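**Q** Structure incoming, see below.
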Amino acid sequence: MTTILHIDASARSLDKSRHHRNSISRSLADDFRRQWLAQITNTKFIYRDLGKNPPGFISEDWIAAVFTPDEQKTAEQKALTALSDELIAEVVQADIILLSTPMYNYGMPAALKAWFDQVIRVNKTFDFDLDRGDFPLQSTLCGKIMVLLTSCGEFGFHAGGIREKMNHLGPHIEVASQYLGVEKFYEIRSEYQEFGDQRHIDSLNDARAQIITLVEQLTLTN
């Protein structure tokens, strides 16, 4: 049975009873989930809403705790790392990480960055070995797929686009996800939200079509 970790990061919610102010990225993730379940009903979903329940930021005490061997941690250190342990356990279970997020100020929402800081953790999701030379970090997880569904107000963030160098969302997530065992990475993006014109409608429709195609592709191998 496939396990999908579904993470929403938008501060906006998704309420199908209204027509305005809904999260586009959450809507795209909802499309993916519905399309997937139409193909494979026997799927386990783990859900995490970072927009509503953001993880705490890491601190000096947290860093000290994660570098302390488990058998030597104090009760306070175990409490500090309890959420991190829970979030990592969700990642470990997942075959696919379905991540939806808007672009905020050309990068991740703070809640999503906090999640990555909590789950990319030495001796839990990666290890460190200087014998590897200039690349001592290596993930201890493997074989995972990430599907990143994003929305942004402007446009041209793709490779070769007019805002390629301003895109600190998808490329950052793709690099960080490698330390969670992600070996296949797919990004589908809806653009032009702030313009609100036909280009936005076309971009959103194209994203929905890409989701259908991607689900068909992924379900063939599951």
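**Q** What is the local net charge at residue 80, summed over the other residues whose Cβ is closer than 15 Å to its Cβ (Lys, Arg +1; Asp, Glu -1)?
**A** Net charge in that neighbourhood comes out at -3.
**Q** Which of the peptides 51-58, 180-187 is most tightly packed, and how do the rest follow, judged by the mean count of other Cβ atoms within 10 Å per residue?
**A** Ranked by mean Cβ neighbours within 10 Å, highest first: 180-187, 51-58.
**Q** Which value in nm describes the separation of the simple spin-label points at residue 72 and residue 165, placed 7 Å from the Cα toward the beta carbon?
**A** According to this spin-label approximation, the distance is 4.6 nm.
**Q** For residue 201 and residue 60 in one chain, what is 0.36 nm times their gap in residues minus the Cα-Cα distance, to one decimal in nm?
**A** 46.2 nm is the gain from fully extending residue 201 to residue 60.
**Q** Sorted by packing (mean other beta-carbon atoms within 10 Å per residue), highest first, where do 28-37, 148-157 land?
**A** 148-157, 28-37
**Q** While we're looking at this one, here's another question. Which ³J(HN,Hα) values in Hz, rounded to whole numbers, follow from the phi angles of the range 78-86 under the Karplus curve 6.51 cos²θ - 1.76 cosθ + 1.60, where θ = phi - 60° and Gly and Pro get x?
**A** 5, 5, 5, 9, 4, 5, 4, 4, 5
**Q** How big is the shadow of the Cα convex hull of the range 1-146, averaged over all directions, in nm²?
**A** Orientation-averaged projected area of the Cα hull: 11.5 nm².
**Q** Out of residues 5 or more away from residue 45 or on other chains, whose amide H comes under 5 Å of its own, with H placed 1.01 Å from N in the peptide plane?
**A** Result for residue 45 returns 4.
**Q** Same structure again: Could you do me a favour and compute the accessible area per residue for the chain, 1.4 Å probe, result in Å²?
**A** 53
**Q** Also, I was wondering about something else. In the chain, carbon and sulfur make up what percent of the accessible area (probe 1.4 Å)?
**A** 51
**Q** Once each part is reduced to its C-alpha centroid, what is the distance from the range 108-182 to the range 49-67 in angstrom?
**A** If you average the Cα positions of each part, the centres end up 17 Å apart.
**Q** Cβ under 9 Å from residue 137's Cβ, residue 137 left aside: what net charge do those residues give with Lys, Arg +1 and Asp, Glu -1?
**A** -1
**Q** Net charge near residue 41: determine it from the other residues with C-beta under 13 Å of the C-beta of residue 41, scoring Lys and Arg +1 and Asp and Glu -1.
**A** Residues near residue 41 contribute +3 overall.
**Q** Continuing with this model, one more query. Once the Cα gyration tensor of the range 159-200 is found, what semi-axes does its equivalent ellipsoid get, as square roots of 5 times the eigenvalues, in whole Å, sorted largest first?
**A** 26, 12, 8
**Q** Can you run the Rg to Rh ratio on the range 133-222? Use alpha carbon positions and the Kirkwood inverse-distance Rh.
**A** 1.05
**Q** Further question: Please report, in whole Å³, the volume per residue of the convex hull around the C-alpha atoms of the range 1-70.
**A** Residue-normalised Cα hull volume stands at 119 Å³.
**Q** Okay, next question. Short version: ³J(HN,Hα) in whole Hz for each residue of the range 181-195, in order, from phi by Karplus 6.51 cos²θ - 1.76 cosθ + 1.60 (θ = phi - 60°), x for Gly and Pro, what are they?
**A** x, 7, 10, 10, 10, 10, 10, 10, 10, 9, 10, 6, 4, 6, 7
**Q** Right, something else. Check residue 23: other-chain or 5+ apart residues with amide H under 5 Å from its amide H, H built from backbone geometry?
**A** 13, 14, 15
**Q** I need the P(r) histogram for the range 61-145: all alpha carbon pairs, bin width 10 Å from 0 out to the longest distance, whole percents.
**A** 15, 40, 35, 10, 0
**Q** Subtracting the Cα-Cα distance from 0.36 nm times the residue separation, let me have the gained length for residue 213 to residue 85 in nm, one decimal.
**A** 42.6 nm
**Q** May I ask you to list the GluC sites (Glu not before Pro) in the range 7-100 that are in a DSSP loop and have at most 12 other Cβ atoms within 10 Å of their Cβ?
**A** none
**Q** Would you grab the residues whose amide H sits under 5 Å from the one on residue 121? Only those 5+ places off in sequence or on another chain, please, with H modelled 1.01 Å from N.
**A** 126
The values are calculated or read from the model by the stated rules, or taken from the named source; none is laboratory data. Since we're looking at a predicted model, the values are computed, not measured. Every residue, glycine among them, receives a Cβ derived from its backbone with ideal geometry; neighbour counts consider all protein chains shown. Heads up: the accessible areas ignore ligands, DNA and RNA and are worked out on the full protein's heavy atoms, side chains in. Shrake-Rupley method; radii C 1.70, N 1.55, O 1.52, S 1.80 Å.
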